[in-house]
Amino acid sequence: MSESKSDTGRPAGRIVAELGRPETPAETAARKAEASRLYRSRKTVNNLVYSLLATLGIVLIIVLMVPRNNPGVVGKPVDWQQAAAQGRGVEAAPLLSPALPARWTANAAELRTGAADGIDVWHIGFISPSSQYVGLDQGFKANDSWVANQLEDVRATGNTTIDGVRWVVYDNRDGQSQSKDITYGLVATHGASTVVLSGTAKPSEFETVARALASQLGGSEN
C-alpha cells in the first residue's frame, strides 16, 4: 500500500489495513523482523531440500557403480583351468576342471575354505553359450544339508546317467521350488567329492558340463 503525508508534508508511515491507521515504528520493526525470519526459514528449508537431493544423487551413483553379486553377470573371463592347477594338492581330491567348448566362459573360480560347516568348496561360475548360468560346486566330505543349501531346497525329480556317471536331477523349471536362481540342477558323488551343478541354463547345457566332467568323476568322457 502507498504511504500518505501529514498536514506538515512529512510521511505519515505505512497504513496497515488491519489496523486502519499508520503503523508505529515499533510495529514496522516487528514486521520487518518477522519477514526476515520467514525468509531465513524458507531459505534453510530450501537448502535442506537441495542438500537431500544432492545426497540422494551421490548415493544413486554409488549404488549404480557397485557391482552386484549376480552369478549370471558376465565380467572379465576367468581361467578356471589355470586356477584349478594352482590349487592342485590342496584338497583330498583333485579340483575339477572340465574342458568346455570355446563359447563357454567363467566369471569365477575359487576355492572357498573356512566355512562354518567345515566343508571346503571348489567353485566355478560358468556362463553358457546362451548366456545362462551353470554353477559348479565341488564339496569335499560334504553332507545332505550342504547339498540342500547349494540347491536352495529344490527337490530331486529323478536320475540320469551321463557317460557312465550317475546324476540326481533337480528340475525346477515348473517352479516346484520358490528358488528364482535355480531352474535346473545335477548332483553326483565320487570319492570324497560331492558335485553340484545348478543354475538357469538349459538341461542340454548342463549335460555338456556333465560330459566334460565324466572322466574326472570315474566315468567315460566321449
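Below is a table of values for the structure above.
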| quantity | calculated |
| --- | --- |
| Percent RCO, i.e. relative contact order, over segment 133-175, from Cα pairs under 8 Å lying at least 6 residues apart | 27 |
| Pair S204, Q178: separation of 7 Å Cα→Cβ label points (nm) | 3.4 |
| Mean Cβ neighbour count within 10 Å, used as a protection proxy, ranking 132-140, 34-42 highest first | 132-140, 34-42 |
| Calculated FRET efficiency for the pair N159/A99, C-beta based, R₀ 30 Å, to 0.05 | 0.75 |
| Computed lengthening from A108 to V169, 0.36 nm per intervening residue step minus Cα-Cα distance | 19.6 nm |
| 13 Å beta-carbon shell around D120, net charge (K/R +1, D/E -1) | -2 |
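Computed from the coordinates by the stated procedures, all read-outs in this text should not be read as laboratory data. Note that the coordinates shown come from a computational prediction; the quantities given were computed from them, not determined experimentally. Glycine also receives a Cβ, built like all others from the backbone with ideal geometry; neighbour counts cover every protein chain displayed.
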